[in-house]
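Colleague: Sharing a structure, written as structure tokens. Questions coming.
The values are calculated or read from the model by the stated rules, or taken from the named source; none is laboratory data. Given the structure is predicted, the values throughout are model-derived calculations rather than measurements. Because the Cβ atoms are built from the backbone with ideal geometry, glycine has one as well, and the counts that use them run over all protein chains shown.
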Amino acid sequence: MLTYSELKELAAIRPNEKLFISLYLNVNPLTNPKGDYIIHFKNMAKELLDKIGRDTEKKVKKAIDKIESHLKGNKRELKKGIALICSSDLEIWKNYNLSLPVKNELIVDNTPYIQPLVFLLNNYPRCVVLLVDRELAKIFIVHLGEIKEYTELFTPDIPGKHKKGDWFSLSQKRFERHIDYHVGIHIKEVVKALEDFLHKESMNNIIIGGSEDAVTKVKNLLPQAIIRKVISTFNAETFLGEKEVLNKTLKVLEELEGEKQKNMAEELITKAMKNNMAVIGIEDVLGNLQEG
């Protein structure tokens, strides 16, 4: 999955003796039912090699052949688009299987061509999902219908329920304070991990899931600048797999989008009535909603 930190690394590369091959290829099965993208790539590669000089061709031919082998050998991993950036010596190899088709482009230059990736990050916002309970937390990135676990934070040795005679016969209230102390340390570490993540990835949409108590504790400790980015919360167990977390997240995002569309429609109708428009057609409402 494409991340902001990886994109910064690519953008930081300065011209040197290496050449970079940047491929953007539409592999959407709807428009490539017979794997036509392989033919498209071969045609682009031939056209490119015919244009560049013999010396440059020698430098990139190995990488071009490697890319073709990759496309042929990893068909099951492909989705709708692929972005592949590699150096001519193959020391750098970045492959992104995208859930959106992209315009076919094959470029050789002394720095990576990343404009299409910048466009995807800027125009299709990513969402961070924090899943948390009193001893475990996981941070996920959700983007374009995909999910990736970024990190997991586990705080061991948090005591469980008090039993008579345990913990040197501490009183129930002292024992509960002991638990709260350990949970408090864990939640602070979770908040710090989330802050560090957001500093690296610069994301503006946060969803927090988990036990009600843990979610509340996290929100109480978050700085206001981060709280403003929390768009929703949900109840869940931290043992959920990536697919289950993704499904819950997509449902939340769908509900938020529905609420947004509803509010826009109500606002449009209210404005129309204030402007003495007694009748407003459904086509007008839909048209304005589509325009954002």
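Colleague: Would you call residue 8 more than 21 Å from residue 116 (Cα to Cα) and charged (D, E, K, R)?
Modeller: No: the conditions fail for residue 8.
Colleague: Residues 56, 111, 3: which one is closer than 25 Å to residue 147 by Cα, in contact with a strand residue (DSSP E or B) (Cβ under 8 Å, 6 or more places away or on another chain) and among the hydroxyl-bearing types (Ser, Thr, Tyr)?
Modeller: 3
Colleague: Here's a check for you: in the stretch 85-101, which residue that is in contact with a helix residue (DSSP H, G or I) (Cβ under 6 Å, 6 or more places away or on another chain) and in contact (Cβ under 8 Å) with a residue 40 or more places away in the chain is nearest to residue 121 (Cα to Cα)?
Modeller: Step by step, filter the stretch 85-101, then rank; the result is 86.
Colleague: Also: Name the residues in the stretch 10-63 that are among the charged types (D, E, K, R) and closer than 15 Å to residue 101 by Cα, would you?
Modeller: Across the stretch 10-63, the qualifying residue is only 36.
Colleague: Same structure, new question: Going through the stretch 33-71 one residue at a time, which ones are outside any helix (DSSP H, G or I) and in contact with a helix residue (DSSP H, G or I) (Cβ under 8 Å, 6 or more places away or on another chain)?
Modeller: Let us first name the residues in the stretch 33-71 that are outside any helix (DSSP H, G or I), namely 33-36, 52-53.
35, 52, listed by residue number.
Colleague: Could you please find all residues in the stretch 101-152 being part of a strand (DSSP E or B) and over 22 Å from residue 197 (Cβ atoms)?
Modeller: Initial filter on the stretch 101-152 (part of a strand (DSSP E or B)): 105-109, 127-132, 136-143, 146-152.
Of everything in the stretch 101-152, those that are part of a strand (DSSP E or B) and over 22 Å from residue 197 (Cβ atoms) turn out to be 105, 106, 107, 108, 109.
Colleague: Filter the stretch 222-243 down to the residues that are of a type outside the set (Gly, Ala, Ser), more than 16 Å from the chain's Cα centre (by Cα) and either closer than 18 Å to residue 145 by Cα or modelled with pLDDT under 90 (or both) and list them by number.
Modeller: Across the stretch 222-243, the qualifying residue is only 240.
Colleague: Filter the stretch 213-245 down to residues that are among the β-branched types (Val, Ile, Thr), surrounded by fewer than 16 Cβ atoms within 10 Å (Cβ to Cβ) and assigned to a loop (DSSP other than H, G, I, E, B), then give me how many there are.
Modeller: Here the count works out to 0.
Colleague: Can residue 74 be described as within 15 Å of residue 25 (Cα to Cα), assigned by TED's automatic domain parsing to the domain that holds residue 21 and of a type in the set (S, T, N, Q)?
Modeller: yes
Colleague: Under 8 Å between Cβ atoms, which residue pairs at least 6 apart in sequence (or on different chains) link something in the stretch 36-58 that is in the same structural domain as residue 80 (by TED's automatic domain parsing) and over 13 Å from residue 21 (Cα atoms) with a partner that is part of a helix (DSSP H, G or I) and not small (Gly, Ala, Ser)?
Modeller: Going by the 8 Å Cβ cut-off, the qualifying pairs are 37/71; 38/68; 38/71; 38/72; 42/68.
Each row is one residue, and each column tells you yes or no for (1) surrounded by 13 or more Cβ atoms within 10 Å (Cβ to Cβ); (2) at pLDDT 95 or above.
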| residue | (1), (2) |
| --- | --- |
| 1 | yes, no |
| 6 | yes, no |
| 12 | no, no |
| 16 | no, no |
| 22 | yes, yes |
| 25 | yes, yes |
| 30 | no, no |
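Colleague: Turning to a different aspect of this structure: Before we move on, is residue 76 within 30 Å of residue 203 (Cβ to Cβ) and in contact (Cβ under 8 Å) with a residue 24 or more places away in the chain?
Modeller: Considered against the rule, which asks whether it is within 30 Å of residue 203 (Cβ to Cβ) and in contact (Cβ under 8 Å) with a residue 24 or more places away in the chain, residue 76 comes out as no.
Colleague: Counting just the residues of the stretch 174-192 that are under 33 Å from the mean Cα position of the chain (by Cα) and among the β-branched types (Val, Ile, Thr), which one comes out modelled with the lowest pLDDT?
Modeller: 183
Colleague: So, residue 142, is that one among the β-branched types (Val, Ile, Thr), modelled with pLDDT under 95 and in contact with a Lys or Arg (Cβ under 8 Å, 6 or more places away or on another chain) or not?
Modeller: Spelling it out, residue 142 is indeed among the β-branched types (Val, Ile, Thr), modelled with pLDDT under 95 and in contact with a Lys or Arg (Cβ under 8 Å, 6 or more places away or on another chain).
Colleague: Can we say residue 95 is surrounded by fewer than 18 Cβ atoms within 10 Å (Cβ to Cβ) and either touching a Phe, Trp or Tyr at 6+ places or on another chain (Cβ under 6 Å) or not in a strand (DSSP E or B) (or both)?
Modeller: no
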